[in-house]
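Below is one structure, written out as structure tokens; the observations come after it.
The values are calculated or read from the model by the stated rules, or taken from the named source; none is laboratory data. Please read all numbers here as calculations on a predicted model, not as lab measurements. Virtual Cβ from ideal backbone geometry, glycine too; neighbours counted across all protein chains shown. Accessible surface areas use protein heavy atoms only, side chains included; no ligands, DNA or RNA. Shrake-Rupley method; radii C 1.70, N 1.55, O 1.52, S 1.80 Å.
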Amino acid sequence: MSEKELYSHLGELTKDKEQWKENITFVASLLKEQSIKIIGKSLWLLGEMGMLYPEEISPFVEQIAAFLKSNDELLKERALNALGRIGRTDYELIKPYRDEMFLLATDDSPSVRLSFIWASENIATNTPEAYEHFIPIFEKLLDDKNVRVRIEAPEMFRVLGKRKPNFVRHCLNKLKLLSEEDDDRIVRIHAKGAIKAITQSK
């Protein structure tokens with residue numbers, strides 16, 4: 001298949017969850033392709049597949065995680081996204097790569113930093129205790145110079161606030177300041193959502 005045909009095929013496969021389980025090995029094989037576009041699409045799909053079928057995805061997690069060290073911004077984003085989805089269902093599968101994921105919290109690319117937050121939210125949904133000692137990393141992201149990152153950063157505090165409010169209660173003053181003074185309206189709204197989650201949880 002040409003790159004265009006293969007990309008189209010992956011798009012159709014993404015929509016057909018009934019075919020996911022039997023196609024995991026095929027999609028993983030595409031990580032060896034030369035096309036960044038195909039690899040990126042494959043990483044995204046493997047993350048979605050892995051959330052539903054963690055046991056079947058487990059032989060390929062190391063291969064997925066290798067793209068955290070890629071020189072390509074898109075592939076780093078997609079590797080983070082995939083590990084986040086897989087880790088949402090089975091944290092133990094992605095735990096060996098946690099430190100490499102955290103290194104990308106300070107990546108030069110705002111899109112990579114954004115994907116780091118998004119992946120962390122996914123994992124923290126079911127394994128919030130994994131983040132108990134890493135809150136300062138997310139506090140710094142609340143002050144990120146990129147507005148897209150600042151929009152997403154409070155969402156991690158909302159996720160943790162619902163599940164482990166004691167982890168993030170000390171951040172209420174910072175979130176309050178963000179909710180009142182940030183230049184972006186969505187950042188202010190998300191900060192208020194995080195505050196609500198923390199203060200209404202026991």
Is it the case that Tyr7 is touching a helix residue (DSSP H, G or I) at 6+ places or on another chain (Cβ under 9 Å) and at pLDDT 95 or above?
no
Have a look at Glu180, Glu129 and point out the one that is open to solvent by 20 Å² or more (accessible area, probe 1.4 Å), under 30 Å from Leu75 (Cβ atoms) and assigned to a helix (DSSP H, G or I).
Glu129
Could you say whether any residue in segment 31-54 is polar (S, T, N, Q) and within 19 Å of Ser115 (Cα to Cα)?
yes
Please work out which residue is most open to solvent (accessible area, probe 1.4 Å), limiting yourself to segment 141-177 and to residues that are polar (S, T, N, Q) and assigned to a helix (DSSP H, G or I).
Asn173
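Given the criteria within 14 Å of the chain's Cα centre (by Cα) and either under 20 Å from Asn122 (Cβ atoms) or open to solvent by 10 Å² or more (accessible area, probe 1.4 Å) (or both), does Lys95 qualify?
yes
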Per the filter on segment 183-202, residues open to solvent by 70 Å² or more (accessible area, probe 1.4 Å) and either at pLDDT below 95 or closer than 16 Å to Ile151 by Cβ (or both) are Asp183, Arg185, Ile189, Lys192, Gln200, Lys202
Among the residues of segment 49-103, the number that are among the aromatic types (Phe, Trp, Tyr) and out of contact with any Phe, Trp or Tyr (no Cβ under 8 Å at 6 or more places or on another chain) is 4
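Can you tell me which residue in segment 1-53 is most open to solvent (accessible area, probe 1.4 Å), limited to those that are in a helix (DSSP H, G or I) and among the polar types (S, T, N, Q)? Working first, answer last.
Step one: list which residues in segment 1-53 are in a helix (DSSP H, G or I), which gives 3-15, 17-32, 36-52.
Of the ones still in play, those that are also among the polar types (S, T, N, Q) are 8, 14, 19, 23, 25, 29, 42.
Numbers: Ser8: 65, Thr14: 36, Gln19: 74, Asn23: 27, Thr25: 93, Ser29: 60, Ser42: 0 Å².
Among residues in segment 1-53 that are in a helix (DSSP H, G or I) and among the polar types (S, T, N, Q), the one most open to solvent (accessible area, probe 1.4 Å) is Thr25.
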Can you tell me which residue in segment 62-91 is surrounded by the most Cβ atoms within 10 Å (Cβ to Cβ), limited to those that are of a type in the set (Gly, Ala, Ser) and touching a Leu at 6+ places or on another chain (Cβ under 9 Å)?
Ala79
